[in-house]
Amino acid sequence: MTKPQIWVAAFLGMFILLFFIQKLTTPTEAMPNMTINSSPVEEQVNQDLTGAELIKQFGCLSCHGQNLEGTKMGPALADLKKHWNRDELINYLRNPNSFMDTERFVEYKKQYTKSIMPGYSNKDVKDLGKIADYLLKK
Ligand code: HEC
């Protein structure tokens, strides 16, 4: 082999080596998600978050307060089990507007004129379920 050929061979050898090293190291991290859950990447990121963490991540606290004690932008989220069961609460989070006619919400509308509860129908229902579980336990 000429000198340039030796260099090319050396480089190729390095790439092949790197390729196999990568093959050996990645599966251990990628496997659990790939086998258990084939949903899109974005949902997998939320997979391990608790209801409390999701509430933080989805920005609920900015209106409902750091400890869900309520702010000028939104009511306290306390004693929700008096008013909701799990399915209803998930439906509410997905589409708050459809609950606006009840007396409680007519009151809210008067009280919170500057903000309304946004809908979260773009979120994974599983995540909303975790949030509902968390809120109903409080
Ligand atoms: C922009 C401010 C804002 C954000 C962000 C927000 N909310 Fe609200 N939320 C409100 C307001 C205001 C109400 C009262 C109803 C209304 O006027 O729309 C409300 C009502 C509620 C209620 C009903 C309370 C009751 O007494 O039954 C729940 C439950 C709730 N929000 C949960 C959440 C969750 C969970 C999140 C995050 C995923 C969230 N909110 C994000 C403003 C907000």
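Figure the gain on full extension for D48 and T26 (residue separation times 0.36 nm, minus the Cα-Cα span) and round it to one decimal in nm. Don't skip to the end; give the middle numbers.
Details: separation 22, 0.36 × 22 = 7.92 nm, distance 2.00 nm.
5.9 nm is the gain from fully extending D48 to T26.
Can you compute 3J(HN,Hα) from phi for each residue in region 2-17, using the Karplus curve 6.51 cos²θ - 1.76 cosθ + 1.60 with θ = phi - 60°, rounded to whole Hz and x for Gly and Pro?
Residue by residue, region 2-17 yields 7, 4, x, 4, 5, 4, 4, 4, 4, 5, 4, x, 4, 4, 4, 4 Hz.
Tell me, rounded to the nearest percent, the portion of alpha carbon pairs in region 50-138 spaced more than 17 Å apart. Before the final figure, lay out each step's value.
Working: 1807 of 3916 pairs.
Result: 46 percent of Cα pairs exceed 17 Å.
Using each residue's phi in region 103-112, evaluate 6.51 cos²θ - 1.76 cosθ + 1.60 at θ = phi - 60° and report the 3J(HN,Hα) Karplus result to the nearest Hz, with x for Gly and Pro.
Rounded to whole hertz, the list is 3, 4, 7, 5, 4, 4, 4, 5, 6, 10.
FYI, it's all coordinate maths here, none of it is from the lab. Quick caveat: nothing in here was measured; it's all calculated off a predicted structure.
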